[in-house]
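Written below as structure tokens is the structure these notes are about.
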Amino acid sequence: MFNSKVVFVIAFIFIGFNSNSQDCTLSIKGQVFDEAPNTPLSYVNIFIQELVTGTSTDEDGNFIFNDICPGHYHLSFSHIGCEGQRIHLELTVDTTLSVLMSHTPTSIGHVVIEGQRDDLIAQPNVTVSRQAIEDNANQNLAHLLENEAGVSLLKNGSGISKPIVHGLYGNRLTILNNGIAQSGQQWGNDHSPEIDPFAADKIKVLKGASAIEFGGGNLGSVILVEPKRIENEPHLHGQVNYIYETNGRGHHLNSRLEKYTPSLAWRINGTLKKSGDRKAANYFLNNTGIEEASVAVQLERSFKEKLFLEVYGSSFNTRLGILRGSHIGNLTDLERALASDTPFFTEDNFSYDIDAPKQQVSHYLAKVKSKYFFNDEHFLELVVAGQLNNRKEFDVRRSGRTDIPTLSLAQYTFDSSLKYTINFDNHWNLKLGNQNIVTDNTNNPETGILPLIPDYISWKSGLFSTLSKELDKTHFNIGLRYDYEHQNVVTISKGVPKEIIRFTNQFHNLSSLLAAKFDVTNTQSISLNTGYAMRNPAINELYSSGLHQGVSGIEEGDVNLQTESALKNTLEYKWLPNTDFSISALLYHQQFKNYIFLNPQEEYRLTIRGAFPVFNYEQTDANIYGLDISTQFTIKNSFFALLRYSYLKGKDTKNNIPLIFMPPNSFYGSIVYRIKKPISFSQNIKIEETEIEVNNRLVLEQNNILASQDFLAPPPTYNLTGVKISSNFIFSKYKIRCFVKADNLFNIRYRDYLNRQRYFADDVGLSVTVGVNFKF
Amino acid sequence: MTTKLIASLFVLSTSLFLVSCEKDDPEIPNEEELITTLNYTLTPQGGGDTVTLSFQDLDGDGGNAPVITSGTLAANQSYTGSLELLNEAESPAEDITEEIREEDEEHQFFFLSTISDLTIAYSDQDADGNPVGLTSTVSTGAAAAGTLTITLIHEPAKSASGVAGGAIANASGETDIEVTFSINVQ
């Protein structure tokens, strides 16, 4: 009853009352259904781990196991195109199961476009599955989303990246880590979100018009990083995941343990990563190593099915090296760097050392969530959370000052939210909620440098309401949200003598959403979204002042900036005629008023270190529109194909020029050969779901930009090819998954438009990755 | 009962918001690494008027524009050049020249003039026998007008081709100082 997002439902129907516990004459039988059309699902493999025995469902989705002794059993269900599922069963009587599998034919490449059962159903979204998270545990959060339609990455070298959804990132994109808006220095284009994706079970990108329920100043898109609830399963389960990557010689170790007891269910996740200098096609990218150590603990308990409590705590710590050759002094240096074939400071040797320039970041999160059920249709959720983000950035400095950070910020954030949900009158769902966020940001004066962004405290409070209705063929969702923000800012003047200048700001923001999904036929649907949202200027946009190292530009905020607003419309069409074919196309358009952006100024500023380009935060009107297409189909028997295409165009409509830093158009495609039938070697070992995949990513040159808008023309089109072979070895008590893959197989030299280090160096060359995942 | 519970939780949830306070005054960082001033003192060999080229920007990046003092040199004359770097934002002014001297292997000045007859030669060395540029010899030729750009590179590749001879092209590293003076030779 607590599971509001039902993806996989199991109903137990007990037949027979005779608990003849010593006789091994019990049976487990049942029927498996496809969730989407709710039809019986044939050829589902069912395996009882303890007995090392298996069967498959017949034409009508039925299965049966006879002559089983009473006891604890783990049943695993697997089917082509579904994520494997496991059920724990304490068998005392003959048992009949009714199993609903979330089967869509769209899971090739391990991304399931879910038929959700919550009120987000009318909004377009994509989800990255647990399997993909495990296989890519050596990557950071943003990289996991890289191949999704409509998502791209803003990178600063190979290790630092942040997601871009429909052209929006940073202050305009909210990332919710376990329901809490990720706080930190999200404004920085060279700041990765401080989240270990391994702690999550799925990562969902909402690409709709407005996300009313989630605060954080978003203008449409939200990324949800979600651990799932701990399964009601009394045995200790866990996994160890190890990945080695040749490029960077990186070792990545993850582990997870979980256990359910009625008094307390717990889960622990841990991650350790260490990698050294990455290599482009022809040379080492010196000082690009990464170290990371993180841990997350999740505790759950429910009290008499009335009250559910969850406590979550995580600690994320990382050290990220930044390409030494990208640290430059002024415009003359940039010109020298552009003229150089290889980056400055390139060495012939590999090293794990991380020297300046580097970033050192710690992020801590503690959260308590309680959910109280008045009854099944009527519940209340209270969440309280605290975060601490500690960021230190180091540059190469004179006279032993390299060990003193040039940027040192501590940010405390406190969240509280209260949400009341009621289901009434046949499929009406109403939510009322309040969210409060207090952010306290402080510069540490140890830097010996005037801070780029000032100290501040901001208070933010929001009220929202959403109403959704589910009819046979139509889902509606409307929502309204109001946010108030109060900023108390303390800046230090640039002049001599230095003075402290205080600012107080108040903002009122409104957002609204109208969404509908129509099932045109059983296999076709159309979703329409219209959303309006306001975002007040962020602290960095108002008060930035000083040199932003790395871009070697002086960034100046503007205290007179106004709130920006956006109207986004989306139209999505989905067609899933059968298990061999599916397509979805999403068309979107977002119109901005007072769009805040960094505008390069015509005059350079003369300093003792030479001339610097100046970027001012300015406002204009803009629009962004695009198209995401995703299709999957069976080519023949065991060959499957997946194709994705993202098109996007951004325009400054006031000045009639392109918007800078917009993702170039791209294609992603893969062909998978899958061995459908499990191979049994012996009684005790079985090989399942062996796959061979060839994939290809084509990123086109960004033509929608003027030469005067950047130091260097956008890099040309590039095409990267990869291969992957994976297989699962099923033993009676455990499962081992192995894979080997090669990325940038042909060791192509390329540069990416959205990688800020493209001025200095090529992107990463060939990399071979080997992974082993042990689950019990 | 339900209403009461929701109301009290709402108060609890928003109570966070009511704890309002002013942000404390920040501690103004001590910008000891800042270079505000460069003085290039040219003393004529064999007597004459000393010329000082100076670049002074007391408030750092932004704020007021820097004050640049250019100079006039005598034709066909040799000068002993001496560079001085100061942080005049501190009181008393901090001598940055000393920092450079202590780390002379990691620093090198480069002199580039648009006047072809104006030559500048290094007259100092670091421990490895490579030039630094804190002291130099300037020789003028015929009367001309142009500019002189002085660049200080941190962590240059001193052994790269031409760098020890004063060519900046292969120097790599990053710029700590780059100032340009108008020069009149008459």
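No value in this document is a laboratory result; all are computed from the given coordinates. Keep in mind that this is a model prediction, so the values were computed, not measured. Note that each Cβ is placed from the backbone with ideal geometry, even for glycine, and that neighbours are counted across all protein chains shown.
Applying 0.36 nm per residue to the separation of A:Asp472 and A:Thr402 and subtracting their alpha-carbon distance, the gain on full extension is 18.7 nm.
Using the Cβ-Cβ distance between A:Ala410 and A:Ala641 with R0 set to 51 Å, the FRET efficiency from 1/(1 + (r/R0)^6) comes to roughly 0.55. For the stretch A:632-637, backbone phi angles converted through the Karplus equation (6.51, -1.76, 1.60; θ = phi - 60°) give residue-by-residue couplings of 9, 7, 8, 7, 6, 6 Hz, Gly and Pro being listed as x. Stretching A:Gln683 away from A:Leu257 to a fully extended chain increases their span by 150.6 nm, per 0.36 nm per residue minus the current alpha-carbon distance. Measuring between their Cα centroids, the stretch A:521-568 and the stretch A:584-638 lie 10 Å from each other.
Rank these for me by crowding, A:Asp333, A:Asp277, going from fewest to most other beta carbons within 10 Å. Walk me through the numbers on the way to the answer.
On the way: A:Asp333 23, A:Asp277 26.
The fewest-first ordering by Cβ neighbours comes to A:Asp333, A:Asp277.
Residues A:Arg502, A:Arg397, arranged from fewest to most other Cβ atoms within 10 angstrom of their Cβ, appear as A:Arg502, A:Arg397. The eigenvalues of the Cα gyration tensor, multiplied by 5 and square-rooted, give the protein assembly as shown an equivalent ellipsoid with semi-axes of 59, 31, 25 Å from largest to smallest. Simple spin-label estimate for A:Leu272 and A:Leu571 gives 5.5 nm between the two label positions (7 Å along the Cα-to-Cβ direction from each Cα). Taking Cα centre as origin and charging only the Cβ of basic (Lys, Arg, +1) and acidic (Asp, Glu, -1) residues, the dipole magnitude of the stretch A:280-376 rounds to 780 debye.
Pair-distance distribution P(r) for the stretch A:562-646, from all Cα-Cα distances in 5 Å bins starting at 0: 3, 11, 13, 11, 10, 9, 9, 8, 8, 6, 5, 3, 2, 0 percent. As a rough footprinting exposure proxy, the listed residues A:Phe414, A:Phe63 were ranked by other beta carbons within 10 Å of their own, and the order from fewest upward is A:Phe414, A:Phe63. Label point 7 Å out from A:Asp348 along Cα-to-Cβ: which residues of the stretch B:142-182 have amide N under 19 Å? Label zone hits: B:157-161. With a Förster radius of 22 Å, plug the Cβ-Cβ distance of B:Ala167 and B:Ala93 into 1/(1 + (r/R0)^6) and report the FRET value to the nearest 0.05. The formula returns an efficiency of 0.10 here. The stretch between A:Ile526 and A:Ile736, if pulled fully straight at 0.36 nm per residue, gains 71.6 nm over its current Cα-Cα span.
With the helix formula -39500 (n - 2.57) applied to DSSP H stretches of n ≥ 4, the protein assembly as shown reaches a computed 222 nm mean residue ellipticity of -1500 deg cm²/dmol.
Between the alpha-carbon centres of the stretch A:266-307 and the stretch A:678-706 there is a gap of 23 Å. Note that the stretch A:259-272 has calculated 3J(HN,Hα) couplings of 7, 10, 10, x, 7, 7, 10, 9, 8, 10, 10, x, 9, 10 Hz, one per residue in order, obtained from phi through the Karplus relation 6.51 cos²θ - 1.76 cosθ + 1.60 (θ = phi - 60°); glycine and proline are x. Each of B:Asn76 and B:Glu22 was given a label point 7 Å from its Cα along the Cα-to-Cβ line. The distance between the two points is 7.1 nm. Here the calculated FRET efficiency for B:Gln125 and A:Asp341, from their Cβ-Cβ distance with R0 = 22 Å, stands at 0.15, rounded to the nearest 0.05.
Backbone phi angles across the stretch A:49-56, fed through the Karplus curve with coefficients 6.51, -1.76 and 1.60 (θ = phi - 60°), yield HN-Hα couplings of 4, 4, 9, 6, 9, x, 8, 10 Hz in residue order; Gly and Pro are listed as x. Near the amide H of A:Gly546, within less than 5 Å, lie the amide hydrogens of A:Glu555, all on another chain or at least 5 residues away, with H placed in the peptide plane. Distance from a point 7 Å along Cα→Cβ of A:Val240 to each backbone N in the stretch A:675-701: keep the residues under 11 Å and list them by number. Under 11 Å, as judged by backbone N against the label point of A:Val240, lies no residue of the stretch A:675-701.
Here the label points at A:Gln506 and A:Lys29, each 7 Å from Cα along the C-beta direction, are separated by 7.1 nm in the simple model.
State whether the stretch B:34-185 is rounded, prolate or oblate according to the following rule on the C-alpha gyration tensor (a ≥ b ≥ c being the square roots of its eigenvalues): a/c under 1.5 gives rounded; otherwise a/b larger than b/c gives prolate, and the remaining case gives oblate.
Values: a/c = 1.55, a/b = 1.08, b/c = 1.43.
Note, shape of the stretch B:34-185 comes out oblate.
Relative contact order for chain A: 10 percent, from Cα pairs under 8 Å spaced at least 6 residues apart, divided by residue count.
Hey, which of these cross-link pairs are over 22 Å Cα-Cα: A:Lys202/A:Lys358; A:Lys419/A:Lys574; A:Lys636/A:Lys741; A:Lys155/A:Lys228; A:Lys228/A:Lys735?
With Cα atoms farther than 22 Å apart: A:Lys202/A:Lys358; A:Lys419/A:Lys574; A:Lys636/A:Lys741; A:Lys155/A:Lys228.
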